[in-house]
Amino acid sequence: AARALHRLAVCPHSKWSLGEWPGTSALVSVLDLGGTAAKEHAAGTLAQLAADAGQRTQMVEAGAILLLVKLLKAGGASELAGHAAATLGGLALDAEWEQSLVESGAVACLARLLTIGHGSVRLSAAEALSNLARHGTETRLEIARVGSIHPVVMMLTTGNTTERVCAARALRNLAFEEQCRFAIVQAGGITPLVSCVASEGDEAQEPATGAVRNLTMGVHCEDTLRVAVVEAGGIPALVGALTSAVGAVREQAVAALRNLAFDPASKAAIAASGIDELVRLLSDDNAVTQANAAGALSNLTSSSLPACVVVADAGPIPSLVTLLAGGSEAGRERAVAALGNLSLRSSAQQVAIIDAGGVPLLISCLSESNPTVCERAAAVLRNFAADNQASRMAISAAGGIPRLVGLLREGNGTAQEHAAAALWSMAYEAQFRAAIAEAGGIAALVALIAEGSPSGQENAAAALRNLTCGNSREEIAIVATGGITSLVWLLSAGNGVARMNAAGALANLADGSTQAKAAILEAGGINALRTLLLSTDSGAVPGDTAATHERSAWALVVARECAGKALEFLDVV
């Protein structure tokens, strides 16, 4: 009877679909009560039925897991064991049975089959472990603990095509876990994975590329993992895979390069051979691939001037602007980050962004509900405003000043810092000061001094310092909004740079209207300025870097000079 059911299960002309198959519970009972041949046929039938989710539920409810594991524990690598492993592999597709499978001891039994099994038996065990590895952390760690990774790597190295595809999938799933990644490296898995990545047309290329992506993922990925991939020739292999005709291969390859581009040592190698293809993939028909291409370019250009030059020469700006306009959320976040890196201290790239229509788009991003896009757009505009008059003109012409002021009021801390810094630079030019004041910028900057982060306070005070350069109208607005009280408070409460900027603003105000001078006196400015003039405290704290100590010491010197000028303008000795 079991043999007949097995034949019907594999017959393409059976009148029953898998979901309608009768007698599943009876087949499970055969696993317990039948003879060896009956068990083999019953297990083979269940392996076929396990492709259906409803049948899997019936099997588990009938107690199949423990009976299947019992068959594996009986030893041997017979066809019966292969059918049992295949059925467990089907059950492993469902996360809801994961814990029951692990607690039953299935993982250790399947790992044993990887070592003693051959052909379809070994393949069924590998497929079952691969399916299990799709689920939780503890399951992946258990698979590694029982010694499965080394035989899976051997299967990838020496197996036939089907076995190699299965092994690559298993390693891809296991590589989501950091401890498993190190085990894969120690088992010698990197070289055969990279070899698969480099083999166009190899069916194992896609899962192998996914495994390399997972091995290298995370900002805090251990350097040893990325170094192992690079030393095995991973970068040329991944760059070559960017031109694959298979979309999934391109998607995984560009994600892996994005991960590797975090590593300073890998940037030059990627920039030397992969930039043109990364730029091309910004226009890929897959949104995930687009986003990862933008992420790779963003990571490459972060803190690397040589990479910025190479990337800029490939002309990515129009495609990045297009992605910012209509890409996925991840794509837009990464596109604006890349634009920020490329536009930093580069007038040529700022012109390219302007020519591509990027400035109005960046300004519209300041009202984004996505805080990451908003912050990064503000950072790009900060770069623009700091660099040259043409860029500042472009911001003003696109209505950027009111939007930046709005961000001071409504943005998060990082966005406020960037907005204040942009307004600080805009206020270098008299033609933009009135627009900042008319948009309510002075009140927003004063509020940021009271409520913002240390960097926000620095930038807000710097903006007020520039706004008070010879502009009595802006001085009156600062007095009216309580700005002088806030600046006086910052002389003692702020960090070194904030105190410097506050003292500079007060010096400008003291050289201005009678109303401003009176407000400084009323706010207790004389004593605060005298205290700063005599101060030897730079505001640096233990643990600050040498560069921070140097910056703080410089700020103290300038702050004391400004305090002295302010007192002189106030006719105070």
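Size estimate for segment 364-455 follows the Kirkwood approach: the inverse of mean 1/r over distinct Cα pairs works out to 12.7 Å.
Give me the percent of the accessible area of the chain that comes from carbon and sulfur atoms, probe 1.4 Å, all protein chains in place. Walk me through the numbers before you get to the answer.
Numbers: 12290 of 23320 Å².
About 53 percent, which is the carbon plus sulfur part of the accessible surface.
Each residue of segment 54-63 was assigned a 3J(HN,Hα) from its phi angle through the Karplus curve 6.51 cos²θ - 1.76 cosθ + 1.60 (θ = phi - 60°); the sequence is x, 5, 4, 4, 4, 4, 5, 5, 8, x Hz, with glycine and proline shown as x.
Once the mean of 1/r is taken over each pair of separate Cα atoms and inverted, segment 184-332 shows a Kirkwood hydrodynamic radius of 15.0 Å.
What number in nm² do you get for segment 461-516 if you take the convex hull of its Cα atoms and divide its surface by four? Value for segment 461-516: 3.1 nm². In order along segment 65-76, phi translates into HN-Hα couplings of 4, 5, 5, 5, 5, 4, 4, 5, 5, 5, x, x Hz, rounded to whole numbers, per the Karplus curve 6.51 cos²θ - 1.76 cosθ + 1.60 with θ = phi - 60° and x for Gly and Pro. Within segment 414-573, the proportion of C-alpha pairs whose separation exceeds 25 Å stands at 23%.
Under 15 Å from the Cβ of Pro151, count the other residues' Cβ atoms, weight Lys and Arg +1, Asp and Glu -1, and hand me the total.
On the way: positive: Arg112, Arg122, Arg145, Arg164, Arg169; negative: Glu127, Glu163.
With Lys, Arg at +1 and Asp, Glu at -1, the neighbours total +3.
Coupling constants for segment 551-557 follow from the phi torsions by the Karplus curve (6.51 cos²θ - 1.76 cosθ + 1.60, θ = phi - 60°), and in residue order they are 5, 5, 5, 4, 4, 5, 4 Hz; glycine and proline get x.
Between His118 and Ser100, what is 0.36 nm times their sequence separation minus the Cα-Cα distance? Round to one decimal in nm.
Using 0.36 nm per residue and subtracting the Cα-Cα distance, I get 3.8 nm.
Working note: Cα atoms of the chain, range along each principal axis, descending, whole Å: 109, 45, 43.
Counting only DSSP H runs of at least 4 residues, each contributing -39500 (n - 2.57), and dividing by the residue count of the chain, the helix-based mean residue ellipticity at 222 nm comes to -23000 deg cm²/dmol.
Simple spin-label estimate for Val309 and Ala265 gives 2.4 nm between the two label positions (7 Å along the Cα-to-Cβ direction from each Cα). Shape call for segment 310-432 from the C-alpha gyration tensor, a ≥ b ≥ c root eigenvalues: rounded (a/c under 1.5), prolate (a/b greater than b/c) or oblate? Cα axes put segment 310-432 in the oblate bin. For segment 83-124, the C-alpha radius of gyration divided by 2.2 N^0.38 Å, with N the number of residues, is 1.13. With a cut-off of 11 Å between beta carbons, the residues surrounding Leu80 carry a summed charge of -1, where Lys and Arg count +1 and Asp and Glu -1. Counting only protein heavy atoms and a 1.4 Å probe, the chain has 41 square angstrom of accessible area per residue. The Cα-based radius of gyration and maximum Cα-Cα distance (Dmax) for segment 51-206 are 14.8, 46 Å.
With contacts taken as Cα pairs under 8 Å and at least 6 residues apart, segment 158-266 reaches a relative contact order of 27 percent.
Local charge for Arg382 was computed over the other residues whose Cβ lies under 11 Å away, with Lys and Arg +1 and Asp and Glu -1, and equals -2. Computed from point charges on the beta carbon alone (+1 for Lys and Arg, -1 for Asp and Glu), the dipole magnitude for the chain about its Cα centre is near 460 Debye.
So if R0 is 56 Å, what FRET efficiency would Arg345 and Leu66 give, r being the distance between their Cβ atoms, rounded to the nearest 0.05? Intermediate values should be presented prior to the final figure.
Working: r = 66 Å, r/R0 = 1.18.
After rounding, the FRET efficiency stands at 0.25.
The values are calculated or read from the model by the stated rules, or taken from the named source; none is laboratory data. Since the structure is predicted, the reported quantities are computational estimates derived from the model, not experimental observations. A quick note on method: Cβ atoms are made from the backbone with ideal geometry, for glycine too, and the neighbour counts reach across all protein chains shown. Just so you know, the surface numbers come from the protein's heavy atoms only, side chains and all, with ligands and any DNA or RNA stripped out. Shrake-Rupley method; radii C 1.70, N 1.55, O 1.52, S 1.80 Å.
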